[in-house]
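**Q** Take this structure first; my questions come after.
We did not get these values from a lab; they are worked out from the coordinates using the rules stated. Since this is a predicted model, take the numbers as computed values, not measurements. Reconstructed Cβ throughout: ideal geometry from the backbone, glycine too, with neighbour counts over all protein chains shown.
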Amino acid sequence: MRFGLLNVGFDNLVAVHNIMAIQTIRGKLVERLIRNAKKDGTYLDATLGRVMKSIVILNNGYIIISALNTETLANRADKLGGNHEIDRMVPDHDEDTED
């Protein structure tokens, strides 16, 4: 297994092999996840006060809030040779268009 550290913004690093999912900050479910993580002490903020754009969910139950978008994070993780399932979680922009 190749070990890589993913920069989730502002020199905050996370081990790629610990990432379960990268999601956009949208919807009630993500809001509830953030609220519960803050309450449980499993919330890590890597935005330095910037707008939250994505949430990185780790396999140990922690979540990291990032100011980077999901596509940027997924591309960085893929280049590090991490979990190749990550890039499948980022919606393809072509799917949003109708013919």
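**Q** Which of the residues that make up segment 47-70 are of a type in the set (Lys, Arg) and within 16 Å of GLU31 (Cα to Cα)?
**A** Within segment 47-70, LYS53 is the sole residue that qualifies.
**Q** For segment 21-33, check the following and say yes or no: at least one residue is free of Cβ contacts under 8 Å to residues at least 60 places away in the same chain and within 13 Å of ALA74 (Cα to Cα).
**A** Checked against the condition, which is being free of Cβ contacts under 8 Å to residues at least 60 places away in the same chain and within 13 Å of ALA74 (Cα to Cα), segment 21-33 yields at least one hit.
**Q** I'd like the residue in segment 57-79 that is touching a Leu at 6+ places or on another chain (Cβ under 7 Å) and over 15 Å from ASP11 (Cα atoms) and, out of all such residues, is surrounded by the most Cβ atoms within 10 Å (Cβ to Cβ).
**A** My answer is ILE63.
**Q** Then there's this: Report, by residue number, each residue of segment 4-21 that is assigned to a loop (DSSP other than H, G, I, E, B) and either within 22 Å of ARG50 (Cα to Cα) or touching a His at 6+ places or on another chain (Cβ under 7 Å) (or both).
**A** VAL8, GLY9, PHE10, ASP11, ASN12 - these are the residues of segment 4-21 that are assigned to a loop (DSSP other than H, G, I, E, B) and either within 22 Å of ARG50 (Cα to Cα) or touching a His at 6+ places or on another chain (Cβ under 7 Å) (or both).
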